[in-house]
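Asker: Quick one: this structure, given as structure tokens, is what I'll be asking you about.
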Amino acid sequence: MEELVNLFHGFAVALQPFNIMVMILGIVLGVIIGVLPGLGGANGVAILLPLTFSMPPTSAIIMLSCIYWGALFGGAITSILFNIPGEPWSVATTFDGYPMAQKGKAGEALTAAFTSSFVGALFAVVMITLVAPLVASFALRFGPAEKFAVYFLAFCSFVGLSKEPPFKTIAAMMIGFALAAVGLDSITGQLRLTFGSTELLNGFDFLIAVIGLFGIGEILLTMEEGLAFRGGKAKIDLRVVLQTWKEMPKYWVTSLRSCLIGCWMGVTPAGATPASFMSYGIAKRVSKNGKNFGKGEIEGVVAPETAAHAAGTAALLPMLSLGVPGSPTAAVLLGGLLIWGLQPGPMLFVEQKEFVWGLIASMYLGNLVGLIVVLTCVPIFAAILRVPFSIIAPLILVLCAIGAYSVHSSTFDVVLMLVFGVVGYLLKKCNYPLAPLVLAIVLGDKAEEAFRQSLLGSQGSLGVFFSNSLVGTIMVLGLIALFWSAIQEGYSRLRPHSVA
Amino acid sequence: MTTNSSHAGPTHKAVEAGVTMLIAVFGAIVVYGSIKAGINWGAEGPRAGFFPFYIGIFIIASSAINLWNGLRDGDDGLFAEWGQLRQVLSVVIPTAIYVGVMPFSGLYLASIIFIGWFMRWLGKYSWPIVAAVAIGMPIATYLIFERWFLVPLPKGPIEEWLGL
């Protein structure tokens, strides 16, 4: 029951007036970020990260994580009202959310989406509360080989589970590792891959990469599509909310299933987007209303939203307990920890109790605050979307530049951001996934260090990664994840009539 | 690929092959740099280039496979129409100028001109609206970042003259 005591201490921290204030500020900023095109969870948090430099770490992480929750909520607004997914994980929400809005049931759809998001997040936070300390205390015994095995598993799951072609995922990931290697080698202290440039001494900061790849890249994609927003008005009154809430317990099976899918996909770094699609797909197949999916079925909003939010929240579990982020946004939060002088990983649970439990408590409160904010303020947020893109775009570009500059107070980083932006546009158009690239930049140094230390211990033999049952199991799981799509294909070939 | 009509543009296949090739070149640079840093074992274990060397090899190998896959059964459609690419460039080029000028002019002046240009030429707004947004945003930025959250932003001669 030590966890419960810790959690109560956490609530005491999260309920301090200043922390409540940053929580609400974070949620509002997050929803705005989620609503705006070109600003998503990851780069929104990255741009606003400098604002937290002068805050105590606990308040800083509360604000940034609340921006993340806000962005998760915000994605649903644009999907349902405008048929434009503000975030990739809200694509599945458009399938039934937008038809509902067209039928004049926007209020119901929004209420269902927000409530499901809340339920999914709550489920995931409870899971984090119970599981994270166990994982962390287990991971305290990890040596370098086990650490590398965990990274290996994380990256292999990307290759196996992402919808992009596996070799493109590998290429994107390896670019990330290569960028992470540039600069000072942390073990030998030697310079590498700088080719005499002083700007590259410190290597590439992944925050710059995130702002460029996701922010600028996304703006360029939007420019190309020549997006014009047209959408219905949103109004939610208390009657609609209560009526929808009365209806929602009917879908508890869908909810529970979506929560489980979300948690699973969030912990493995597949992330919220595949979770929402998978949950929608399964609900469509299993539900007795399945044939109405796509025409405005409320269950078709519940399933993806629950899963997306559960996955988005669960992505923080490996970030906190292992130091391996489960999503790009979790990676940015992890970068924040490093900037505030905290070492992510299992030791956090021992050395920074107040920080960890303050964060976990703030997840409960933040999502509750988020639910209230979005339910009451939908019309305001929807109005933001009616501001034309030719006003929004330059403002976002300027914000990106400010964010990139203030990470290291360097104008070179702003140039780098633009380069990353163009690269991100090209890679995205050519179907290369960007999330593994970013995660590789974040984790590259740590993965390499673990790898080299393991090899040092074993005199260069790769056998060290299979030397005991623990590290061997993780490595085998990694290999299974790596070849997962090939295994699935082989399986469906063996049983040609089974449902894929 | 030569006409300038509205439904022409570079093919997806060609652009993708180009991007893949650039990635392979990047991989080759990584391999070259790693070899310079030393890829064998030294007194302290694997040397600095050891890990990135294999990363570079992976990049080249996966690019070769991607190139092969892309050329064999890639997307036969257009990458984008010329008009769309012009739209994209109409953002990239001004942003490049904005970013390039910033170290000399400071962030605020550059932002005012950049936002103003964007709204006036791409959005065709009237001057009062353009001025309100273009000047309002940097002022808000100054208050939020520099005053409330104490994050310094790049300044140029005008800010110095104003004594900010």
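Asker: Confirm whether A:LEU333 is closer than 20 Å to A:LEU359 by Cα and over 12 Å from the mean Cα position of the chain (by Cα).
Answerer: For A:LEU333, the condition - closer than 20 Å to A:LEU359 by Cα and over 12 Å from the mean Cα position of the chain (by Cα) - is not met.
Asker: Taking only the range B:94-119 into account, find how many residues are of a type in the set (Val, Ile, Thr) and buried (at least 20 other Cβ atoms within 10 Å of the Cβ).
Answerer: Kept after step one, since they are of a type in the set (Val, Ile, Thr), are these residues of the range B:94-119: B:95, B:97, B:99, B:101, B:112-113, B:115.
Restricting the remaining residues to those that are buried (at least 20 other Cβ atoms within 10 Å of the Cβ) gives B:95, B:99, B:112, B:115.
Final tally of qualifying residues: 4.
Asker: Show the residue pairs that are 6+ apart or on different chains and have beta-carbon atoms under 7 Å apart, the first residue being within the range A:403-419 and facing chain B (nearest Cβ under 9 Å), the second being assigned to a loop (DSSP other than H, G, I, E, B).
Answerer: Filtered contacts from the range A:403-419: A:TYR405/B:LEU153; A:TYR405/B:PRO154; A:SER406/B:VAL151; A:SER406/B:LEU153; A:SER409/B:PRO152; A:THR411/B:PRO154; A:PHE412/A:GLU199.
Asker: The conditions are (1) within 14 Å of chain B (Cβ to nearest Cβ); (2) farther than 20 Å from A:MET417 by Cα; (3) out of contact with any helix residue (DSSP H, G or I) (no Cβ under 6 Å at 6 or more places or on another chain), and A:TYR151 fails exactly one of them. Which is it?
Answerer: All conditions are met except number (3).
Asker: Residues of the range B:55-105 being of a type in the set (Asp, Glu) and in contact (Cβ under 8 Å) with a residue 24 or more places away in the chain, which ones?
Answerer: Answer for the range B:55-105, where residues must be of a type in the set (Asp, Glu) and in contact (Cβ under 8 Å) with a residue 24 or more places away in the chain: B:ASP75, B:ASP76, B:GLU81.
Asker: Considering only helices (runs of 4 or more DSSP H) fully contained in the range B:76-141, which possess at least 3 residues that are within 24 Å of B:HIS7 (Cα to Cα) and not β-branched (Val, Ile, Thr)? Steps first, please.
Answerer: Working: elements: B:82-105, B:107-117, B:127-141.
Answer list for the range B:76-141: B:82-105.
Asker: Also: Of the residues in the range A:323-361, how many are buried (at least 21 other Cβ atoms within 10 Å of the Cβ), of a type in the set (A, V, I, L, M, F, W, C) and part of a helix (DSSP H, G or I)?
Answerer: Final tally of qualifying residues: 14.
Asker: What single numbered condition from (1) out of contact with any Pro (no Cβ under 9 Å at 6 or more places or on another chain); (2) touching a residue at least 24 places away in the same chain (Cβ under 8 Å); (3) farther than 27 Å from A:LEU221 by Cα fails to hold for B:VAL31?
Answerer: Evaluating B:VAL31 over (1) out of contact with any Pro (no Cβ under 9 Å at 6 or more places or on another chain); (2) touching a residue at least 24 places away in the same chain (Cβ under 8 Å); (3) farther than 27 Å from A:LEU221 by Cα leaves (1) as the failure.
Asker: Just for the range A:170-199: of the residues that are among the hydroxyl-bearing types (Ser, Thr, Tyr) and without any contact (Cβ under 8 Å) to a residue 40 or more places away in the chain, which one is surrounded by the fewest Cβ atoms within 10 Å (Cβ to Cβ)?
Answerer: Here is the first cut: in the range A:170-199, the residues among the hydroxyl-bearing types (Ser, Thr, Tyr) are A:186, A:188, A:194, A:197-198.
Applying the additional criterion that residues be without any contact (Cβ under 8 Å) to a residue 40 or more places away in the chain yields A:188, A:194, A:197-198.
On the way: A:THR188: 20, A:THR194: 17, A:SER197: 10, A:THR198: 8.
Applying the filter and picking the extreme gives A:THR198.
Asker: Let me ask something else about it. Restricting attention to the range B:147-164, report how many residues are surrounded by fewer than 16 Cβ atoms within 10 Å (Cβ to Cβ) and under 16 Å from A:VAL407 (Cα atoms).
Answerer: Matching residues across the range B:147-164 total 2.
Asker: Looking only at the range B:47-85, how many residues end up being among the hydroxyl-bearing types (Ser, Thr, Tyr) and more than 7 Å from every other protein chain (Cβ to nearest Cβ)?
Answerer: Qualifying residue count, the range B:47-85: 1.
Condition check ((1) more than 10 Å from chain B (Cβ to nearest Cβ); (2) among the β-branched types (Val, Ile, Thr); (3) over 24 Å from the mean Cα position of the chain (by Cα); (4) outside any helix (DSSP H, G or I)) across all residues:
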| site | (1), (2), (3), (4) |
| --- | --- |
| A:ALA440 | no, no, no, no |
| A:GLU449 | no, no, yes, no |
| A:ARG452 | no, no, yes, no |
| A:GLY463 | yes, no, yes, no |
| A:THR473 | yes, yes, yes, no |
| A:VAL476 | yes, yes, yes, no |
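Asker: Which one is farthest from the other protein chains (Cβ to nearest Cβ), of the residues in the range A:160-169 that are in a helix (DSSP H, G or I) and either within 16 Å of A:ALA447 (Cβ to Cβ) or touching a residue at least 12 places away in the same chain (Cβ under 8 Å) (or both)?
Answerer: Across the range A:160-169, the extreme among qualifying residues is A:LEU161.
Asker: If you check A:ALA132, A:ALA139, A:ALA121, which single one turns out to be within 30 Å of A:LEU7 (Cβ to Cβ), over 21 Å from the mean Cα position of the chain (by Cα), of a type outside the set (Asp, Glu) and away from every other protein chain (no Cβ under 14 Å)?
Answerer: Residue meeting the stated conditions: A:ALA139.
Just so you know, all these numbers are worked out from the coordinates, no wet-lab data involved. Remember, predicted model here, so these are calculated numbers, not experimental data. Heads up, the Cβs are rebuilt from the backbone with ideal geometry, glycines too, and the neighbour counts pull from every protein chain shown.
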